[in-house]
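Q: Next up is a structure, given as C-alpha cells.
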C-alpha cells in the first residue's frame, strides 16, 4: 500500500452543511436525523400497533419467552439488579411520584403514548393485557404483564434503599404464562434543587452482564422521558 493511499484512509472526513442561510456542523445534522427517526418510528407504531404488531413479532416474542424462562430456572430464586440513578433539578421526588401514581399507579399507563414513546424499543402494549409491554430485554423481544407489587420476596426487597423514602412504584413483571421474571423498584428523595431518583429492574441472577448493562441504558432513556413528561405536566 502506498503512502498516498494510507493517508487517505487515516484522514478524518468532516462535513459542514450550508442551508437555510446558515452553516451547520454534523452535530446539528445528527439531531435532525434523530428527530426524523423518531417521527418515522412513531408513525410505524401508530400504523402497525396493537394486534398487528403482536402478529408481526410473534416468533421473536415466543423466543423471548423461552429465553427468560431459562434464566428463571437457572437462577434458583436469586437475583441481580439493573440500576440507573438520576440527579433531577427543577422537579421534586414528591412531584414525580404524584405524576407517576396518576399515570401508572395501577400498573397500566393512562396515557398510552407516554408509555410507547418513552423508548424506541417499546414496541406495543399487548392489547389483551391490563398493563404490560413488548420490549427488547437482553437482545430478546420480551412480552410481559405489569402488576403493582404490594408485597415483595425478601430477596427482592433487599435491593430497596431506605435513603430514598419516596416510592414511585414497586411492580412485578410476569411472562404470558404468569411466570414472574423481574421486579421494578423505583424510588426517589427530595433535594434542595429537585430530586435524586434511583430506578431498578431486578432480574434473575443468571442474567448476563450484557443484559444488565443494556437495561441500565434502557432505564436511562425511558425514565428521562418520564421525568420530562412529569415536569411538563407540573408547569
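The values are calculated or read from the model by the stated rules, or taken from the named source; none is laboratory data. Treat the numbers as computed from the prediction; the structure is a model and nothing was measured. Here the Cβ positions follow ideal geometry from the backbone for every residue, glycine too, while neighbour counts run over all protein chains shown.
Q: Applying the selection to the stretch 117-140, what residues are under 19 Å from residue 213 (Cβ atoms) and either outside any strand (DSSP E or B) or more than 11 Å from the chain's Cα centre (by Cα) (or both)?
A: 119, 120, 121, 138, 139, 140
Q: I'd like to check something: does the stretch 43-62 contain any residue that is in the same structural domain as residue 201 (by TED's automatic domain parsing) and under 22 Å from residue 183 (Cβ atoms)?
A: Yes - at least one qualifying residue is present in the stretch 43-62.
Q: If we scan the stretch 226-233, do we find a residue that is within 19 Å of residue 114 (Cα to Cα) and free of Cβ contacts under 8 Å to residues at least 40 places away in the same chain?
A: Looking through the stretch 226-233, at least one residue is within 19 Å of residue 114 (Cα to Cα) and free of Cβ contacts under 8 Å to residues at least 40 places away in the same chain.
Q: Now for a different question. I need the full set of residues from the stretch 91-111 which are in a loop (DSSP other than H, G, I, E, B) and more than 12 Å from residue 234 (Cβ to Cβ), in order please.
A: Residues satisfying the conditions are 105, 106, 107, 108, 109, 110, 111.
Q: Does residue 149 satisfy the criteria of being more than 13 Å from the chain's Cα centre (by Cα), closer than 27 Å to residue 65 by Cα and exposed (fewer than 15 other Cβ atoms within 10 Å of the Cβ)?
A: It is false that residue 149 is more than 13 Å from the chain's Cα centre (by Cα), closer than 27 Å to residue 65 by Cα and exposed (fewer than 15 other Cβ atoms within 10 Å of the Cβ).
To keep it simple, each residue is scored yes or no on (1) outside any strand (DSSP E or B); (2) over 19 Å from the mean Cα position of the chain (by Cα).
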{"site": "160", "(1), (2)": "yes, yes"}
{"site": "168", "(1), (2)": "no, no"}
{"site": "186", "(1), (2)": "no, no"}
{"site": "220", "(1), (2)": "yes, no"}
{"site": "224", "(1), (2)": "yes, no"}
{"site": "230", "(1), (2)": "yes, no"}
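Q: Report the residue count in the stretch 192-218 for those that are over 18 Å from the mean Cα position of the chain (by Cα) and free of Cβ contacts under 8 Å to residues at least 24 places away in the same chain.
A: 1
Q: If you don't mind, there's one more thing I want to ask. Test residue 74 against the stated conditions and say whether it is in contact (Cβ under 8 Å) with a residue 12 or more places away in the chain and either surrounded by fewer than 13 Cβ atoms within 10 Å (Cβ to Cβ) or part of a helix (DSSP H, G or I) (or both).
A: yes
Q: Can you name the number of the only condition in (1) part of a loop (DSSP other than H, G, I, E, B); (2) modelled with pLDDT of 95 or more; (3) under 21 Å from residue 100 (Cα atoms) that residue 176 fails?
A: Every listed condition holds for residue 176 apart from (3).
Q: A further question on this structure: Tell me which residues, restricted to the stretch 170-189, are closer than 24 Å to residue 227 by Cβ and surrounded by 18 or more Cβ atoms within 10 Å (Cβ to Cβ).
A: 170, 171, 172, 173, 182, 183, 184, 185, 186, 187, 188
Each row is one residue, and each column tells you yes or no for (1) touching a strand residue (DSSP E or B) at 6+ places or on another chain (Cβ under 8 Å); (2) in the same structural domain as residue 63 (by TED's automatic domain parsing); (3) within 25 Å of residue 75 (Cβ to Cβ); (4) surrounded by 15 or more Cβ atoms within 10 Å (Cβ to Cβ).
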site: 144; (1), (2), (3), (4): yes, yes, yes, yes
site: 155; (1), (2), (3), (4): yes, yes, yes, no
site: 168; (1), (2), (3), (4): yes, yes, no, yes
site: 209; (1), (2), (3), (4): no, yes, yes, no
site: 212; (1), (2), (3), (4): yes, yes, yes, yes
site: 222; (1), (2), (3), (4): yes, yes, yes, yes
site: 229; (1), (2), (3), (4): no, yes, no, yes
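Q: So, in the stretch 110-121, of the ones that are surrounded by fewer than 19 Cβ atoms within 10 Å (Cβ to Cβ) and free of Cβ contacts under 8 Å to residues at least 40 places away in the same chain, which residue ends up nearest to residue 150 (Cα to Cα)?
A: Applying the filter and picking the extreme gives 110.
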